[in-house]
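All of the numbers you see were taken from the coordinates with simple rules; none came from a lab. This is a predicted model, so every value here is computed, not measured. Ideal geometry is used to build each Cβ from the backbone, glycine not excepted, and the neighbour counts take in all protein chains shown.
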Amino acid sequence: MKKKFLVSTTFAMLMFLVTVPIHGQQTSELRIDPLLIVSLKECRNISNDLSNELFPGWNFQKTPVLFYRPNVQDVLINFPHKPKGFSEYKGFNLLEGETIYFRNDTTHFNIDGQNTSSEIDSIPVLVVADLYSTMRSKLQDILSRPKDLTSAWLKNWQFIPDPYYELEVILHEAFHVYQNKLAPEKGADESIVSQYPLLDPENNALYVLEGNILKDALLAQKLETRLEQIKKFVAVRSFRQSRLDSSWVEYENLNEYAEGLAKYVEYKFMKLGEEIEPIKEMYYHQGFSGYRGILSKQFRNTIDNMVNIVAVNDDRFGNKFGTGPLRFKLYDLGACQALLLDDVLPHWKDKIFQPKEYLTNLLRQSVGLTKEELERYLALAKLEYKYDEAYRTKLEFEKEGKQKIEEKIASILKTDKTLVKISYGSSKYKARVARYTPFGITQINKQSAIYEMVPILILFKKGVMLDFKQAIPVLVDQEKQQIVFAVSTLPSKFGIDEKNKLDVAEFSITIPMDIQYEGNTVQIQLK
């Protein structure tokens with residue numbers, strides 16, 4: 001799931017799809033960008049053309065789809081019945097009479113940019129955010145970046161949507177629906193990401209080697225060369241994971257399985273899709289020019305880009321010392337291993353949905369290296385891919401990361417806004433972060449972290465929660481048993497009603513509490 005900015009610019013097409021009336025019927029209003037439906041139709045075309053080559057057993061055509069714009073409209077396609085609160089869409093229908101349901105003002109997700117899989121009436125659905133929802137999310141992100149980055153983003157037209165990327169997002173998230181159906185229990189415990197050794201120089205240097213080895217393996221013309229690269233990768237991966245806690249290894253393996261397989265579908269589309277004849281409506285997308293000569297270049301660029309993502313060579317995700325880069329690198333690492341398995345273990349897809357069966361394990365099986373061979377290939381890879389140089393670079397990365405983390409802590413504690421400190425140490429409660437994104441955590445130590453990017457939810461016990469309404473950085477310190485954050489609401493506005501509820505613009509909490517004020521600090525003690 002790459003963070004990228006999508007928005008339709010085809011106003012004429014939008015107006016055509018939304019406003020064409022049907023004789024004798026009242027025209028429904030389509031509030032999402034109708035080019036999403038064009039992209040859906042094209043994904044069906046791609047799936048039909050590539051069939052089992054994309055992924056055997058997966059039938060994209062049967063996938064229920066939810067497009068949404070937060071608190072504006074849900075649009076539900078290919079769903080077996082009309083869910084409560086939905087109406088049947090009666091406007092112009094690009095999907096040749098297929099039933100479409102819609103719901104206004106209330107949406108399945110009320111935050112921007114959720115491209116994922118979910119359930120409606122216990123039925124798994126593909127969820128894709130409306131392009132303008134993604135636009136708003138990206139704008140909020142880019143406006144918080146340094147001014148020179150924002151200026152370059154505007155000057156270089158980086159806000160123009162990529163129609164090829166939109167197709168990949170739909171295919172990626174639709175595959176998750178299929179994947180979750182076959183192996184519903186095979187998901188990672190995302191709370192582990194807050195404990196992962198993100199700044200460890202040796203682990204990060206070995207990751208650099210893994211990315212470069214995979215690139216050379218995938219671009220190798222001869223199978224024997226590719227096999228040698230796979231042996232180097234297996235040696236480096238085996239050594240790197242041998243240094244880690246078993247829970248961290250399991251986290252890597254599960255996310256490479258989950259996100260790596262969905263990313264693999266994107267890779268396969270780029271490798272196999274040049275001969276596909278797109279539907280005519282796709283040319284309404286700004287920047288779309290067919291597939292021939294395009295997808296092969298995209299694949300090569302993607303492989304080059306993979307190396308930078310795995311090595312964390314830039315700050316594309318907004319916090320290169322947080323959990324986002326780890327989470328994203330597992331997408332591409334998994335996809336690359338899956339592509340290599342196509343060559344060396346053709347029936348790997350028959351095994352991959354089984355419990356405890358992972359991509360790296362299957363690669364190990366494909367080459368069957370002895371302990372001595374693992375050591376030899378590890379030494380060879382370290383020499384060939386300049387491990388010592390990578391390690392020195394990652395020592396500096398660790399040093400810079402620790403400094404940036406201190407600055408992030410200071411930005412909360414030394415605020416000119418209202419500083420809120422919620423203490424639960426003398427109470428019977430324990431704090432658990434129940435709503436967060438694994439892409440938006442900054443570790444401080446094993447007991448504390450800063451959560452951001454989405455409005456988080458903290459549970460103390462059943463029915464007792466700290467519910468944030470806005471995405472603001474929140475420091476959760478389990479050692480001090482304290483939650484700290486800054487808000488714009490003035491201390492004078494912090495009042496408790498007769499139901500023990502404190503409700504301000506940024507958050508709400510209902511629980512017996514004491515509140516004390518000192519300057520711009522509000523100290524809340526839970527009882």
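Give me the net charge of L475's neighbourhood, meaning all other residues with Cβ under 11 Å from the Cβ of L475; Lys, Arg count +1, Asp, Glu -1. Each step should come with its number before you reach the end.
On the way: positive: K408, K421, K480; negative: E452, D477.
That works out to +1.
Of interest is the spacing of the C-alpha centroids, which for segment 412-428 and segment 279-334 amounts to 39 Å. Ranked by the mean number of other Cβ atoms within 10 Å of their residues, highest first, the peptides 235-244, 152-161 fall in the order 235-244, 152-161.
Between S488 and R145, the distance separating the two model label sites (each 7 Å from Cα on the Cα→Cβ line) works out to 2.3 nm.
Just want to confirm a number: the relative contact order over the chain, from Cα pairs under 8 angstrom separated by 6+ residues, in percent.
Details: 884 pairs, mean separation 68.6, N = 527.
This gives 13 percent for the chain.
The string of couplings for segment 123-138 from the Karplus curve (6.51, -1.76, 1.60, θ = phi - 60°) is 9, x, 9, 6, 10, 10, 6, 3, 4, 6, 5, 5, 4, 5, 4, 5 Hz, one whole number per residue in order, with x for Gly and Pro. Inter-part distance, segment 131-171 to segment 457-506, computed on C-alpha centroids, equals 31 Å. Model label sites at L383 and D467, defined 7 Å from Cα along the beta-carbon direction, differ in position by 6.3 nm.
Using 0.36 nm per residue and subtracting the Cα-Cα separation, the extra length available between E29 and Q523 on full extension is 173.0 nm.
A Förster distance of 56 Å, applied to the separation of the beta-carbon atoms of E224 and E277, puts the FRET efficiency at 0.95. In loop segments of segment 181-246 as defined by DSSP, the GluC sites (Glu not before Pro) with at most 15 further C-beta atoms inside 10 Å of their C-beta are E185. Calculated translational diffusion coefficient of segment 11-182 (4 °C, 1.567 mPa s; Stokes-Einstein with Kirkwood radius over alpha-carbon pairs) equals 75 µm²/s. Summing +1 for each Lys or Arg and -1 for each Asp or Glu among the other residues whose beta-carbon sits under 10 angstrom from that of H285 gives -4.
Close amide H pairs (under 5 Å, H built 1.01 Å from N) link M513 with K527, residues at least 5 positions away or on another chain.
Applying the Karplus relation 6.51 cos²θ - 1.76 cosθ + 1.60 with θ = phi - 60° to segment 30-40 yields 3J(HN,Hα) values of 9, 9, 7, 5, x, 5, 4, 5, 4, 5, 4 Hz, where x marks Gly and Pro.
Between E407 and V344, the simple label model (points 7 Å from Cα in the Cβ direction) yields a spacing of 4.1 nm.
A Förster radius of 22 Å, combined with the Cβ-Cβ distance separating I123 from E98, puts the computed FRET efficiency at roughly 0.85.
Over all alpha-carbon pairs of the chain, lay out the pair-distance distribution in 20 Å bins, whole %, shortest bin first. Bins of 20 Å from zero give 20, 51, 27, 2 percent of pairs.
Sum up the charges of everything whose Cβ sits under 13 Å from the Cβ of N361, counting Lys and Arg as +1 and Asp and Glu as -1, but leave N361 out. The partial results should precede the final answer.
Details: positive: R237, K351, K356, R364; negative: E250, E252, E256, E357.
It works out to a net charge of 0.
Our estimate of slack between L154 and K62, defined as 0.36 nm per intervening residue step minus the Cα-Cα distance, is 29.2 nm.
Per residue of the chain, the DSSP helices (runs of n ≥ 4 H) give a summed -39500 (n - 2.57) that works out to -14000 deg cm²/dmol at 222 nm.
Pulled fully out, how much extra length does the chain show between E479 and S508, if you take 0.36 nm times their separation in residues and subtract their Cα-Cα distance?
Working: separation 29, 0.36 × 29 = 10.44 nm, distance 2.33 nm.
So the extension gain works out to 8.1 nm.
I need the Kirkwood Rh of segment 417-525: take the reciprocal of the average 1/r across all distinct C-alpha pairs and report it in angstrom. Mind dumping the intermediate values first?
Details: mean 1/r = 0.0712 Å⁻¹.
Kirkwood radius, segment 417-525: 14.1 Å.
With the highest mean first, a sort of the peptides 290-300, 322-332 on other beta-carbon atoms found within 10 angstrom per residue produces 322-332, 290-300. Applying 1/(1 + (r/R0)^6) with R0 = 51 Å to the Cβ-Cβ distance of H81 and Y429 gives a FRET efficiency near 0.75.
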